[in-house]
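Only the coordinates and a few stated rules stand behind these numbers; no lab work does. Since this is a predicted model, take the numbers as computed values, not measurements. Note that we place each Cβ from the backbone using ideal geometry, even for glycine, and neighbour counts take in every protein chain shown.
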Amino acid sequence: MSIARSLLLRAADSHWLAGQMARRSFAKRAVRRFMPGERLEDALDAAATLARSSIGSLVTHLGEALRTEDEARAVRDHYLGTFDTIHQRGLATWVSVKPTQLGLDLSPDLCRRYLLEVADKAESTGSSLWLDMEDSRYVDRTIELYRAMKLRHPKAGIAIQAYLRRTPKDLQALLDVKPLVRLVKGAYAEPVSVAFAEKRETDLAFFDLGRQLLEAAARGQATAIFGTHDLVLIARLIDAAKRLQVPPSGYEIHMLYGIRAADQVQLAREGHPVKTLISYGSAWFKWYMRRLAERPANVWFVMKTMVT
Ligand code: FDA
């Protein structure tokens, strides 16, 4: 991992910096590059605009590692209302959540109950609920939650991370529930015993896992979603899909709001199913630091915003 990436990921845990950034107007302006606004309405307005370019959407309310059960309950209530709002606006938007937002650190049973309530709501409003994958301490518990969710909700999905050494085994084990899998590279600071240190290794693993997902999709055993902005990997996986005769309806490409926006439009124009994950909410600090760490050159953009 590069020094800049490692420093930025470490800075993500700084309460002092989080407090400073939340107060600075330049920081808010810089964050707008990756999120249309802090309110759900901002995210859904962006989703409606993307829909006009045949790009689907997912939304996620920022926030992780809550401290009290009241906070977890408030997140559950927020998401229950979110599905109603999406339905009222006639949008084909899904929702993605982090298990720790629904209280995983406080009580696994409480988290599971809230998650299933939110997943029930997703289904009753014709939408779908997805689980993000957090750092490696949460992988077993997140997969367990996904299995419980998937039993009741066939359209529920989960993210898995190519940089984790354990992921090939996790993917094979998951195939028995016909999972909907969003494969991502992985965004957290992990020890080398757990995750690849070199980007090249992660990229190789991504292609390999992506191909396995497509093979499973060809057998009707999984739905393959590629959550990446890496156009080389995307092109190679689209080629693999053609070779394996997986039709465009058998895979999707997901990217983040504000990153490679023109390529998202171009891929959708070429007939590939594309969705954009749109974040909103005021707890953007940790999430924003991960976006900077993915491309440390983004720090120059922040500095430019500060000066101007
Ligand atoms: P890579 O880092 O190689 O970037 C490829 C190219 O994309 C770069 O050269 C650059 O042009 C552009 N790019 C990438 N990141 C950028 C940025 N921040 N700013 C500007 N340009 C950028 N992670 C996780 O651990 N758990 C999760 O649940 C998720 N969920 C998730 C959902 C979706 C839809 C996406 C797209 C990503 C995630 N991630 C995630 C984040 C993921 O793990 C990874 O950190 C980022 O996607 C960056 O890696 P890329 O695959 O884009 O490749």
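Taking R0 as 35 Å, what FRET efficiency do you get between Arg113 and Glu201 from their Cβ-Cβ distance, rounded to the nearest 0.05?
Taking R0 as 35 Å, the efficiency between Arg113 and Glu201 is 0.35.
Sketch the reach of a paramagnetic label on Glu270 as a point 7 Å from Cα along Cα-to-Cβ, and name the residues of segment 181-198 whose backbone nitrogen lies under 19 Å away.
The answer is 183.
Could you work out the helix-only [θ] at 222 nm for the chain, with each DSSP H run of four or more residues adding -39,500 (n - 2.57) and the total divided by the number of residues, to the nearest 500 deg cm²/dmol? If you can, show how the numbers build up before the last one.
Working: 13 runs with 158 residues, N = 308.
Calculated at 222 nm, the ellipticity per residue is -16000 deg cm²/dmol.
For the chain, give the magnitude of the charge dipole about the Cα centre (Cβ charges: +1 Lys/Arg, -1 Asp/Glu; no others), in debye to the nearest 20.
Roughly 660 debye, rounded to the nearest 20.
Rounded to the nearest 20 debye, what is the charge dipole size of segment 176-308 about its Cα centre when +1 sits on each Lys and Arg Cβ and -1 on each Asp and Glu Cβ?
Details: 18 positive and 13 negative charges, 60 e Å.
I would put it at about 280 debye.
Report, in cubic angstrom per residue, the convex hull volume of the C-alpha atoms of the chain.
127 Å³
Points 7 angstrom from Cα along the Cβ direction at Arg52 and His87: gap in nanometres?
The two pseudo-label positions are separated by 2.7 nm.
In nm, what is the difference between 0.36 nm times the number of residues separating Arg29 and Glu144 and their Cα-Cα distance?
Working it through step by step, the gained length comes to 37.6 nm.
If contacts are Cα pairs under 8 angstrom and at least 6 residues apart, what is the relative contact order of the chain in percent?
Relative contact order of the chain: 26 percent.
Among all stretches of the chain without exposed GluC sites (Glu not before Pro) (DSSP loop, at most 13 other Cβ atoms within 10 Å), which one is longest?
Here the longest segment lacking exposed loop sites spans 1-197.
Along the charge dipole of segment 36-283, Cβ charges K/R +1 and D/E -1, which of Thr49, Thr82, His153 sits furthest on the positive end?
His153
Mind listing which trypsin sites (Lys or Arg not before Pro) in segment 201-308 are in a DSSP loop and have 15 or fewer other Cβ atoms within 10 Å?
Hits after loop and neighbour filter: Arg219.
For segment 259-302 and segment 1-61, what is the centre-to-centre distance using only Cα atoms, to the nearest Å?
8 Å
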